[in-house]
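Please read the structure below before turning to the comments.
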Amino acid sequence: MDAPQLAFKERAAAALADGALKIAIERTTGNAERKRAAAVAAFPEFEAARARGKAIKDHVIAHLDHYLEMFERNATAAGAQVHWAADDAEARAIVTRICLDAKARIVTRSKSMLGEEIGLPHALADAGIERVETDLAEHIIQLAGERPSHIVWPAMHRTREQVAQLFMSGHDPAPAADDPATMVQSARRILRAKFLGADVGISGANFLVADTGATCTVTNEGNAELTTTPPRIHIVTAGIEKLVPSTAHAFALLRLLVRSATGGEMTQYTTFHHGPKRAGDADGPEEKHIVLVDNGRTRMLGDEFRAMLRCIRCGACMNHCVVYRQIGGHAYGGTYPGPMGAVLTPVLDGLAQSRDLAHACTMNGRCAEVCPVGIPLPTLLRAWRRRSWRERLEPGSVRAGLGLWAMVARRPRLYRLASRIGVRALRLMGRRGWVRSLPLAKGWTAYRDMPRPSGRTFMEQYRAEQAGRRTPE
Amino acid sequence: MTARERILAAIRDSLGPRRAAPQAVAAEAAALLENPQATRPRLAAPDLAEAFALKATALGTTIDHVPDMAGVPAALRRYLDAHGLPPALALQPAAELARLDWDGIATRPTLAPDEPVGLGLAVWGIAETGSLVIHSGPDNPILLAFLPLHHVMVLRRDHLLAHLEGYAAAMQGAAQPRNAILITGPSGTTDIEGSYVRGAHGPGFLHVILVGP
């Protein structure tokens, strides 16, 4: 990948030191949190809708082969060509081959996280094809040469002033002012010519509708339709977990997706794409290709991460995550950031490279509370911690420390003696109620203060209370 | 083995050998849609047109009312005048629109890349969300809904559906168009610091002419 391969801790430290980043993250996630809360409050049936959404996803996952074959049959009947890719390399090869066979020079792309996951941007560049990102945020990060930092707002790490700099140098003519409205107008002008001049348009899919063979996209900008209508070829890349039985099931999930993602009730453009242009149609592509991508998903089906296949990519978990809101998306180092990314990245990139992510979690449970399909994200993160321990991926110092703790914890007398000494020593180190630096845990106290303990252990206080039958103050 | 065979084999490995018959899966899927009122929002008003208008205007869509189709050209003229636009537009090549009296308004069946105004027919309106449905076809280019800065849609009152499921039911077993689009408000973006800006790629203005007594 293009980012230098720093360790997670170094990336997180750099993010924490970036004041502008903190402001940019807070603006977007804070806004998203408030708007979601208002949308859920205005929909008293939300809890029941969430239970239904979860049940729909579980039903599809339990019959995934059945629905994949049904989708393939109906998409083919609608005139689309269905391709299957077991991993990211196969998916890249299929898309690149279709583009090269069509002698494509310009390819427009409507934002798709699966496209990022399979490395499509680099594959197109390597094939010598001009790639034009059409989602405004993707356009911003394409100019900046960056990867998305959020699955719904990929450029949320960029302030308005930074976007203005990118547009001033990247747009010809440059925008006349740096307010958001003028900059959006500038992007509209630049991209319109690209939409109409593209040879191939590539989109993702929010849903694959099994009983009609439709691929469904949702956008607020209208870029998906402008990407997929004018070119001669429309290519869809989608993960196999995106299936729903029917259009009505898609609507049930859509109500959850939009409210959880942006706090809206409906995206401006919700489009069901059935195959290529029909005979006599006024516009539309002559070919439609759908690439169904596995890339680790069938592996998740067979292990404790199966529940993660319910994910509808709304981003609510990251908007409500205390860790994401401190470090932003790039620090996670994978395609998907935040809690859902910390679960998915080890599947995609391997646990050895990404074991730190499962530890970068406070287990406060906010992500699971807001997940619209009830994914137990903290439980899944604990599962990665357990696997990392089992596979001996934790560094020696952690293993030795936890081994020592386990030895003491199994000997109650020793444990009580150690904790009595510990709380008294910590009390001596504290000032005004807080311990600012801990020996052996400087990495932890570098960013946090620890509350100064009371000076007596829980067991000591409990005994005193039992003896005196009085409440300690 | 092809990728298709490998993926399906991996799924069957994980799911195990005891599998439900297709009819049982279909019954289970249908059961997941029972009692829809328990999991969908109530309408914003008891009257469909009123509920539709409340939702649509909240998103920045404007609405005009005319009693019948013959009133559409005059309503369009009102809109053009209010926005200081010249009396010209790209008109969807549908028979229902072509037969109207467009006297004094220059209509074109073609679309310029920076078309100022486009007018088309909505197949359905959805009261729950304030959405308009369009279908691609020989008489409906999809770009008509995206290239113009001002998108004007004619919606017949008796084509209003209460909920999203109503649209799914209406299309059950019907021939699907290449594109079926639910349009809910003008194009917008919040990609720069969360500021809402209209007219991101598609229309900056969406105007509905609601037709019916």
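The values are calculated or read from the model by the stated rules, or taken from the named source; none is laboratory data. Quantities reported herein were computed from a predicted structural model and do not represent experimental measurements. Because the Cβ atoms are built from the backbone with ideal geometry, glycine has one as well, and the counts that use them run over all protein chains shown.
When we screen B:L144, B:L206, B:L132, B:L155 for residues that are assigned to a helix (DSSP H, G or I) and either away from chain A (no Cβ under 12 Å) or touching a residue at least 40 places away in the same chain (Cβ under 8 Å) (or both), the only hit is B:L144. Filtered by the rule that a residue be part of a helix (DSSP H, G or I), within 7 Å of chain B (Cβ to nearest Cβ) and either surrounded by fewer than 16 Cβ atoms within 10 Å (Cβ to Cβ) or not small (G, A, S) (or both), segment A:26-51 gives A:R27, A:T28, A:N31, A:A48. Each residue in segment A:52-66 was checked for being within 8 Å of chain B (Cβ to nearest Cβ), closer than 18 Å to B:P17 by Cα and touching a residue at least 24 places away in the same chain (Cβ under 8 Å), and 2 pass.
Just one of (1) touching a residue at least 60 places away in the same chain (Cβ under 8 Å); (2) more than 9 Å from chain A (Cβ to nearest Cβ) fails for B:L33. It is (2).
B:G199 falls short on exactly one of the conditions (1) within 10 Å of chain A (Cβ to nearest Cβ); (2) under 23 Å from B:A44 (Cβ atoms); (3) touching a Phe, Trp or Tyr at 6+ places or on another chain (Cβ under 8 Å), and that condition is (2).
If only residues of segment A:309-320 that are within 12 Å of the chain's Cα centre (by Cα) and among the hydrophobic types (A, V, I, L, M, F, W, C) are counted, the one that is farthest from A:V60 (Cα to Cα) is A:M318.
Note on segment A:150-184: residues that are touching a Pro at 6+ places or on another chain (Cβ under 6 Å), of a type outside the set (V, I, T) and part of a helix (DSSP H, G or I) total 2.
Inclusion of B:A180 among residues that are under 27 Å from B:D47 (Cβ atoms), at the interface with chain A (Cβ under 7 Å from one of its Cβ atoms) and out of contact with any strand residue (DSSP E or B) (no Cβ under 8 Å at 6 or more places or on another chain) is not warranted. Of all residues in segment A:376-421, exactly one satisfies the criterion of being over 32 Å from the mean Cα position of the chain (by Cα), surrounded by 12 or more Cβ atoms within 10 Å (Cβ to Cβ) and of a type in the set (V, I, T), namely A:V408. Taking the residues in segment B:38-87 that are of a type in the set (D, E, K, R) and within 14 Å of chain A (Cβ to nearest Cβ) as candidates, determine which candidate is farthest from B:I209 (Cα to Cα). Applying the filter and picking the extreme gives B:R40. Residues that are under 18 Å from A:C311 (Cβ atoms), of a type in the set (A, V, I, L, M, F, W, C), away from chain B (no Cβ under 13 Å) and touching a residue at least 24 places away in the same chain (Cβ under 8 Å) do not occur anywhere in segment A:225-236. The one condition from (1) closer than 28 Å to B:L144 by Cβ; (2) within 14 Å of chain A (Cβ to nearest Cβ); (3) out of contact with any Lys or Arg (no Cβ under 6 Å at 6 or more places or on another chain) that B:R99 does not meet is (2). Contact map, segment B:108-126: residues that are within 11 Å of chain A (Cβ to nearest Cβ) paired with residues that are outside any loop (DSSP other than H, G, I, E, B) and loosely packed, with under 13 Cβ neighbours inside 10 Å, Cβ distance under 8 Å, separation 6+ or inter-chain. Pairs shown: B:P113/A:A193.
Among all positions in segment B:163-173, there is at least one residue which is at pLDDT below 95 and not in a strand (DSSP E or B). For segment A:291-306, check the following and say yes or no: at least one residue is free of Cβ contacts under 8 Å to residues at least 60 places away in the same chain, among the polar types (S, T, N, Q) and in a helix (DSSP H, G or I). Yes, segment A:291-306 contains a residue that is free of Cβ contacts under 8 Å to residues at least 60 places away in the same chain, among the polar types (S, T, N, Q) and in a helix (DSSP H, G or I). In segment A:243-301, the residue that is farthest from the chain's Cα centre (by Cα) out of those that are more than 21 Å from B:I126 (Cα to Cα), of a type in the set (D, E, K, R) and more than 7 Å from every other protein chain (Cβ to nearest Cβ) is A:E286.
Assess whether A:Y415 counts as being in a helix (DSSP H, G or I), more than 21 Å from A:T345 (Cα to Cα) and not hydrophobic (A, V, I, L, M, F, W, C). Yes; evaluated as a whole, the condition is true for this residue. The one condition from (1) more than 40 Å from the chain's Cα centre (by Cα); (2) within 30 Å of A:M318 (Cα to Cα) that A:M429 does not meet is (2).
Looking at B:E193, is it more than 17 Å from B:A122 (Cα to Cα), among the charged types (D, E, K, R) and not in a loop (DSSP other than H, G, I, E, B)? Please lay out each step first, then the result.
Numbers: more than 17 Å from B:A122 (Cα to Cα): yes; among the charged types (D, E, K, R): yes; not in a loop (DSSP other than H, G, I, E, B): no.
The answer is no for B:E193.
Residues that are charged (D, E, K, R) and surrounded by 15 or more Cβ atoms within 10 Å (Cβ to Cβ) within segment B:37-76 comprise B:R40, B:K55, B:D64, listed in sequence order.
Being surrounded by 17 or more Cβ atoms within 10 Å (Cβ to Cβ) and assigned to a helix (DSSP H, G or I) narrows it down to one residue among A:T108, A:T96; which is it? If you could, list the steps in order and put the result at the bottom.
On the way: A:T108 fails: assigned to a helix (DSSP H, G or I).
Going through A:T108, A:T96 in turn, just one is surrounded by 17 or more Cβ atoms within 10 Å (Cβ to Cβ) and assigned to a helix (DSSP H, G or I): A:T96.
Being over 31 Å from the mean Cα position of the chain (by Cα), closer than 30 Å to A:G350 by Cβ and at pLDDT 90 or above is a property that does not hold for A:A368.
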